[in-house]
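Below you'll find the structure, written out as structure tokens, and then a few comments.
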């Protein structure tokens, strides 16, 4: 079985609380957006995790499947109400096939950055395209790299500073990498963790989509379809698989 990577049993045990999975203001706009785009068809989530989005999307009537490398996260999903009814495949979502085609493939919450090389990210687009029906859509939600917020020559950006969580991203513009450092106060103890990512620009994603024969359909500044501007902190992008592939 593949390794759980950075999403082991310790991370899985608190993941839903750490990412505020139970907040309707954060979850509902995502689910509504994806359900509308699925348009009655089935959906595949790359990096399904504990089912933060997949479960409410399934409740909304969308047939959802998932791929995830972490057995610990998938175990948490299966333990939830309805989780055992979502078909899942354990593996790397950049290359793993699940033997079915879909109207929608989606990869959200910065998860494209878990693929730490450009080649892996390109393969992810190609894998998404291979799972899509003609006319189907691939959705990515990802942050805009925070380089504009960092003084020239500096590497660190504090993205969260509150009573129970401190978050610092360390950027390397040479390798286009970022390491996200977290310090959490839980049960009166400090928990520290660091996860490496590869940040990616919107224009770079469009080129990856072109390599996979996908065409940009829309780009928004939020799940509520606010405009994407030069001050947007993240974007929701949709690429379409052409109906005519000749």
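Tally up the residues in the range 161-177 that are surrounded by fewer than 11 Cβ atoms within 10 Å (Cβ to Cβ) and assigned to a strand (DSSP E or B), please.
So the count comes out to 1.
Please report, ordered by residue number, the strands (runs of 3 or more DSSP E) entirely within the range 178-246 with at least 3 residues that are farther than 21 Å from residue 26 by Cα and within 21 Å of the chain's Cα centre (by Cα).
189-198, 215-220
For the range 1-91, give me every one of the strands (runs of 3 or more DSSP E) that falls completely inside it and has 3 or more residues that are within 20 Å of residue 131 (Cβ to Cβ) and touching a residue at least 60 places away in the same chain (Cβ under 8 Å).
43-46
Let's see how each residue does on (1) loosely packed, with under 15 Cβ neighbours inside 10 Å; (2) in contact with a helix residue (DSSP H, G or I) (Cβ under 8 Å, 6 or more places away or on another chain); (3) closer than 24 Å to residue 235 by Cβ:
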| residue | (1), (2), (3) |
| --- | --- |
| 15 | no, yes, yes |
| 33 | no, no, yes |
| 58 | no, yes, no |
| 94 | no, yes, yes |
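Restricting the search to the range 104-151, which residues are part of a strand (DSSP E or B) and buried (at least 20 other Cβ atoms within 10 Å of the Cβ)?
Passing the criteria: 104, 105, 106, 107, 132, 136, 137, 138, 139, 140, 141, 142.
Since every read-out is calculated from the coordinates, none of them should be taken as a lab result. Every value quoted in this text rests on a predicted model; they were computed, and no experiment measured them. So basically every Cβ, Gly included, is an ideal-geometry build from the backbone, and we count neighbours across all protein chains shown.
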